[in-house]
């Protein structure tokens, strides 16, 4: 494979990788992946299960060189690298890091909240991303998002809508994901999101787990299996494939 980076660029790559799961069978559909968790997020979602990744600083990080070396050595046993967080698009060296990973022959998947439109567009323009998973936490409106994260802004809103459109337009493999929370999401919420992402490839409906969250979720019990299935049935009216995740 063509070398995507000059040697001088390699030496400058810095990623705040605060977590690393060396093998996963569920994070990249149909592939064996290794998953890195980047530090720092611009949201503070009340049901976040990676709340230790929200602050922009951490006590210790895995080195980029260690991750790249692992990917090279295990390219025959691993299909892909998944970059999640936190919010990966906030990492200044994300693009160079992905270019370096691509020299190993691995596929690359990124998880994002969709607020950093310019970075997502550049990744798609460079054709260095194989799969994008974007969280759509609720119907994009200030009032609805503020139920989930109190630091949501009009700029976030505009970027989310633009990112949805560009992901659909570029034709890469992708999915949209919604974690549903009792007391916040209902049938009308699912219908509104469905209209927004109509004709998309894939939509994952995820039931909220109410333990070990950023904020106490004692007043927000999880949906029953029946409730999730009702949401999935509605979602199928709008997109090509619906996945249910408990």
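Summing -39500 (n - 2.57) over the DSSP H runs of n ≥ 4 in the chain and dividing by its residue number, what mean residue ellipticity at 222 nm do you reach, to the nearest 500 deg cm²/dmol?
Result for the chain, helices only: -9000 deg cm²/dmol.
How far, in nm, would the chain grow between residue 230 and residue 209 when pulled straight, counting 0.36 nm per residue and subtracting the alpha carbon separation?
So the extension gain works out to 5.7 nm.
Using Cα pairs closer than 8 Å and at least 6 residues apart in sequence, work out the relative contact order for the chain, in percent.
It rounds to 18 percent for the chain.
Fewest to most neighbouring Cβ within 10 Å: what's the order for 226, 185?
On the way: 226 7, 185 24.
Ordered from fewest to most neighbouring Cβ atoms within 10 Å, 226, 185 come out as 226, 185.
Can you compute the FRET efficiency between residue 49 and residue 155 using 1/(1 + (r/R0)^6), with r the Cβ-Cβ distance and R0 = 35 Å? Round to the nearest 0.05.
0.85
Just round it to a whole percent: the fraction of Cα-Cα distances in region 84-129 exceeding 14 Å.
Taking all Cα-Cα pairs of region 84-129, the fraction more than 14 Å apart is 45 percent.
Computed from the coordinates by the stated procedures, all read-outs in this text should not be read as laboratory data. Here the structure is a predicted model, which means the values were calculated and not measured. Quick reminder, even Gly has a Cβ in these numbers, built from the backbone with ideal geometry, and neighbours come from all protein chains shown.
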